[in-house]
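To keep things clear, I will list the structure first and then write my remarks on it.
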Amino acid sequence: MSELSDRTGVPVPTIKYYLREGLLPEGDKRTPRLTDYDEQHVRRLELLRILRDVGDVPVEGLKRLVAATETRGTVHDLFAVAADALAPSPPPSGPDRAQAREVADAIIDQAGWDRVREDSVDRDNLAATLELVGRFDTHPRDPGEIAPYVAMADQLARHEIANLDDRKDRIGLLEEMVVGQVVFATVLTTLRRLAEEHHSHERFGEDRRD
């Protein structure tokens, strides 16, 4: 286990915790004091480390993601279950959730994303977000107001899926998809903040005293 820790940079107590929680498969126990771990354990620990350190994915999300690896069917089916595992749980419904869900469904329909599942967790997450921002004057009242974000999301998702290495096996593809979602979501958010700082200075950089 100490060698596994050295190889992956994951502390021994964390490895033991992952073993207890079922996030890491047991190794091959050779003696009461010696257990062998292989490349499967290295890959799993590197994945868990990225999800925790970069994506701040909670343990329950990690458990759902590990369970998703047992999904049968197509690679797409596997990705769909993984997407639900990575998604946060939608907050409780408010009084305007039904209306917000109608707007969310209309956004998805107008984007042409007709393969998105009706029970996708992120359908509810989009509706919950629209409901919350609905308290402000700038909230989306119809799908057209969010069209620039939809176009950028579609272009980005098309690029990411097209660039997955389909020479990999199912689990390898899942790992690549998940790491891409988590890592590049953080990169994208960081780049957006940097870009807004730049454009904010261009528009509001002059001292305006009213």
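Just name the residue that is surrounded by the fewest Cβ atoms within 10 Å (Cβ to Cβ) out of those in segment 1-18 that are within 23 Å of the chain's Cα centre (by Cα) and not polar (S, T, N, Q). So that I can check it myself, show each step before the final result.
Just the residues of segment 1-18 that are within 23 Å of the chain's Cα centre (by Cα), to begin with: 8-10, 14-15, 17-18.
Keeping just the survivors that are not polar (S, T, N, Q) gives 9-10, 15, 17-18.
Details: G9: 10, V10: 21, I15: 22, Y17: 14, Y18: 21.
Per the stated criteria, the residue is G9.
Test I107 against the criterion of being more than 17 Å from A80 (Cα to Cα), open to solvent by less than 80 Å² (accessible area, probe 1.4 Å) and touching a residue at least 24 places away in the same chain (Cβ under 8 Å), and give yes or no. Write out each step before concluding.
Working: more than 17 Å from A80 (Cα to Cα): yes; open to solvent by less than 80 Å² (accessible area, probe 1.4 Å): yes; touching a residue at least 24 places away in the same chain (Cβ under 8 Å): yes.
Yes: the conditions hold for I107.
Only residues that are among the basic types (K, R) and either at pLDDT below 95 or open to solvent by less than 100 Å² (accessible area, probe 1.4 Å) (or both): list them for segment 193-210, please. Walk me through it before giving the result.
Of segment 193-210, the ones among the basic types (K, R) are 193, 203, 208-209.
Residues satisfying the conditions are R203, R208, R209.
For segment 68-95, give me each residue that is surrounded by 12 or more Cβ atoms within 10 Å (Cβ to Cβ) and among the small types (G, A, S).
So in segment 68-95, the residues surrounded by 12 or more Cβ atoms within 10 Å (Cβ to Cβ) come out as 68-69, 71, 75, 77-91, 93-94.
Listed by number, the residues that qualify are A68, A80, A82, A83, A85, A87, S89, S93, G94.
G61 versus (1) crowded, with 19+ Cβ neighbours inside 10 Å; (2) part of a loop (DSSP other than H, G, I, E, B): which is the lone unmet condition?
(2)
Can you tell me which residue among A98, A128 is crowded, with 20+ Cβ neighbours inside 10 Å, among the small types (G, A, S), at pLDDT 90 or above and farther than 30 Å from R20 by Cα?
Numbers: A98 fails: crowded, with 20+ Cβ neighbours inside 10 Å.
Among A98, A128, only A128 is crowded, with 20+ Cβ neighbours inside 10 Å, among the small types (G, A, S), at pLDDT 90 or above and farther than 30 Å from R20 by Cα.
The values are calculated or read from the model by the stated rules, or taken from the named source; none is laboratory data. Model, not experiment: these values are computed from the prediction. Please note: Cβ atoms are built from the backbone with ideal geometry, for glycine as well, and neighbour counts cover all protein chains shown. The accessibility values were calculated without ligands, DNA or RNA, using every heavy atom of the protein model including side chains. Shrake-Rupley method; radii C 1.70, N 1.55, O 1.52, S 1.80 Å.
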